[in-house]
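What follows draws every value from the coordinates through simple rules; no lab data is involved. On a predicted model such as this, the values are computed, not experimentally measured, just so you know. Here the Cβ positions follow ideal geometry from the backbone for every residue, glycine too, while neighbour counts run over all protein chains shown.
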Amino acid sequence: MIDPELLGRLIDRHAPALELYARQWCGSAEDVVQEAFVRLAVLETTPENPVAWLFRVVRNGAVNAGIASRRRKRHEEAAAANGPAWFQPDAGSEFDPDIVQVTLASLPIEQREVIVAHLWGGLSFQEIAELVHTSRSSVHRRYQAGIVTLRELMGVSCPARSNPKDPTNPA
Amino acid sequence: MSSSLEPEGSDESGLSGFERSLGSLKPASRVQRDRILFLAGQRQAKSLKRPHWSARNLWPAIAASLAVVSIGQGVLLARRPTPEVRTVYVRMPPESAPSSERPEPASMPQIASRSAVAFDPRAIPAVDRRLPLTFFDEPGRTPNSPVIALVPAEKPLTAAEGLKIRRSEPFDLGDSL
């Protein structure tokens, strides 16, 4: 059984990112995350990497919840897209959270989940590769492609050093 | 909008300025920490209270086994074959034999206690030969097998048809008759 203090720290540290991750597939993200933490609490032995384990459970639960909700109501997907905000309003941020949400939601799910898991979940590309059952290089390609698309959609120019083939780059 | 991000490059974590700015946004969370901890504790208590599956299924398995045994024995009892009736033909004693020479009739328990070799049909009076004699396996028990009845012979028996104690083993009385 997991230590309650460790469980509390995991909730404080990773619950928001896990919820954002689950929201890529379903609208009831908080239920999926809650169930994942409860399942972690009743495990006989704590996983070696609890964070990666949580992301895997949340991903499976969110995918299943998304499929079930689409079967139940076709319009629920649209309702989920117009549902709660993905990010906290932050006046000090350089980006508008609503714009980031809309832009991020427009990405393919393969790119979205990698970006969310890496940027907000803190998972390495290797951990994400194990999570989505693909190679590390494939995960890296998806991530880079998603970031480039986000840049384009948000009107952020790309530096020549990081992506010289970017058409938005004046150089 | 993001001119402040330029120029940018990857830091030691491999994130560019754009990625760092994106990552600085805090995901909104509606997850209730206390509720998760409460549910986790509740689920832990349930899992601790519930015994292992083998222990949970032990008593039902024992009960089911005993039920099967009881039903089987009930079926066997209901289908038990009827007690086998064995008929012993006794040769009629000669008419000329004086009745005074006959010994005292043996009582039924005495007959039951005698061995088959010591059994003497001449010792039974004519009236007794019409009575069914029942041999009990044990005193005070309902006879299961054998049940022996004495039936008067319709005609004189030959030596080969003599006294049969058992169906498969004709009893040879020898010189006793």
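Results, tabulated for the structure shown:
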{"quantity": "FRET efficiency estimate (nearest 0.05) - Cβ-Cβ, B:Q42 to A:S93, R0 41 angstrom", "calculated": "0.60"}
{"quantity": "Length-normalised contact order of region A:1-84 in % [C-alpha pairs under 8 Å, at least 6 apart]", "calculated": "37 percent"}
{"quantity": "Alpha carbon centroid spacing (whole Å) that separates region B:11-67 from region A:1-63", "calculated": "7 Å"}
{"quantity": "Sequence-distant residues sharing a close amide H with B:V90 (under 5 Å, placed H)", "calculated": "B:V151, B:A153"}
{"quantity": "Shielding score for A:38-44, defined as the mean number of other chain Cβ atoms within 10 Å", "calculated": "5"}
{"quantity": "Linear extension gain, B:E84 paired with B:H52, 0.36 nm per residue minus alpha-carbon span", "calculated": "6.2 nm"}
{"quantity": "P(r) of region A:1-84 over all Cα-Cα pairs, binned every 10 Å from zero, in whole percent", "calculated": "19, 48, 24, 9, 0"}
{"quantity": "Net charge of Cβ neighbours under 13 Å - reference A:L20; Lys, Arg +1; Asp, Glu -1", "calculated": "+2"}
{"quantity": "Surface/4 of the Cα convex hull for region B:34-78, nm²", "calculated": "3.9 nm²"}
{"quantity": "Inter-chain Cβ neighbour average for residues A:144-156, partner chain, 10 Å", "calculated": "2"}
{"quantity": "Inter-label distance for A:S106 and A:M1, nm, one decimal - labels placed 7 Å from Cα along Cα-to-Cβ", "calculated": "5.0 nm"}
